[in-house]
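The structure appears below as structure tokens.
Laboratory data are not the source of any read-out in this text; all were calculated from the coordinates shown. Just so we're clear, the structure is a prediction, and the values are computed from it rather than from any experiment. Neighbour counts run over all protein chains shown; Cβ positions are idealised from the backbone, glycine included.
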Amino acid sequence: MLWQILNNIGFNEKESKIYLALLETSAQPASVVARQSGINRTTTYLTLEDLLKKGIVNRFERKGIQYFEAVDPKQIMNILENQKIDLEEKKNYLKKQIPRLESIAQTDSTKPRVSYFEGFEAIMNLYADSLNGDHKEIVSFLRFDKIPPKIEEYLKKNYLPKRLEKEIFVKIISSKPKEDAIWMDKEHQAKHLREIKCYDLDLPIQIEMFIYGDKMSFICLDENQPFGIQIKNKTIIESIKGIQELLWKTL
């Protein structure tokens, strides 16, 4: 369906259907747009106002009646470019303000802070958090064969390039692959700033654990609904790091 094309670039379903209705019928009053799109009139009015603010539709008056028309599809590219510039400005502003926001966060290091993450988007944010801060090493415990395809794609296309750019090294403990795997090649490991050691046991491990800075995260790699837990506590993190280092030396 055509509305799914628009969904893929950030439109919600109602915005997509209303824009397409206008594109098919040219300029129309809101009542006609509602009928053409199959969306009730009140919701159509509200959605048209949102689309006006985004620059996706235009409005003009003819004989006392307000008409709406869709912008040329090519103009959406320009709108997306402007949004990209605006997003960069917001990111730069937030980056400068983060110290002020962090200053009011919980500072009692004796009390662990536990956060819960659910769904693919949240899990991707959890991975991305491991690249924040000034640490230069991540310690990870995982099974490569258990990573869901959607998360694997994100790690390859988004996470890995950013980690390499920040020159963050990863030490990984994983299960031994049943056949030759490219990630076991020493040159491949060096290229991707990682060192991997394997255990030759069939353990029922279904999670990934990684430690960075003063945080530790556990991710349940469920293909349909992954979820994760993040713990922030200096005492716990240092203890787990010690256990991991002991295991690392035995492999």
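Using bins 10 angstrom wide from zero, how does P(r) for the range 2-72 break down, in % of all Cα pairs?
22, 61, 15, 1
I'd like the antiparallel share, as a percent to the nearest 5, of DSSP beta bridges with both residues in the chain.
Working: 28 of 40 bridges.
Antiparallel: roughly 70 percent of the beta bridges in the chain.
So what are the ³J(HN,Hα) numbers for the range 195-209, from phi and the Karplus equation (6.51, -1.76, 1.60; θ = phi - 60°), rounded to whole Hz, Gly and Pro as x?
Coupling constants for the range 195-209: 10, 10, 10, 10, 9, 9, 9, 8, 9, x, 8, 10, 10, 10, 10 Hz.
Can you give the Kirkwood hydrodynamic radius of the range 113-250 from its Cα pairs, in Å with one decimal? Don't skip to the answer; put the middle values down first.
On the way: mean 1/r = 0.0647 Å⁻¹.
It is 15.4 Å.
In nm, what is the difference between 0.36 nm times the number of residues separating I65 and D200 and their Cα-Cα distance?
Values: separation 135, 0.36 × 135 = 48.60 nm, distance 7.47 nm.
Computed gain between I65 and D200 is 41.1 nm.
Could you grab the Rg to Rh ratio for the chain? Cα atoms only, Kirkwood for Rh. Please list the in-between numbers first.
On the way: Rg = 24.7 Å, Rh = 22.1 Å.
Answer for the chain: 1.12.
Please get the size of the charge dipole for the range 113-250, origin at its Cα centre, with Cβ charges of +1 on Lys and Arg and -1 on Asp and Glu, quoted in debye to the nearest 20.
Values: 22 positive and 23 negative charges, 77 e Å.
Dipole magnitude for the range 113-250 comes out near 360 debye.
Along the range 137-152, what does the Karplus equation 6.51 cos²θ - 1.76 cosθ + 1.60 (θ = phi - 60°) give for ³J(HN,Hα), rounded to whole Hz, x for Gly and Pro?
So the Karplus estimates, Gly and Pro as x, are 8, 10, 9, 10, 10, 7, 10, 4, 6, 9, 6, x, x, 5, 6, 4 Hz.
Count the net charge of all other residues whose Cβ sits under 12 Å from the Cβ of I168, scoring Lys and Arg as +1 and Asp and Glu as -1. Can you show the working numbers first?
Details: positive: K136, K162, R163, K166, K171, R194; negative: D134, E137, E165, E167.
Neighbourhood net charge equals +2.
Between the range 26-68 and the range 189-251, what's the alpha-carbon centroid distance in Å?
Between the Cα centres of the range 26-68 and the range 189-251 lies a distance of 52 Å.
Please compare each pair in K176/K234; K54/K95; K54/K84; K215/K249; K53/K84; K84/K215 to a cut-off of 19 Å on the Cα-Cα distance and tell me which ones are over it.
K176/K234; K54/K95; K215/K249; K84/K215
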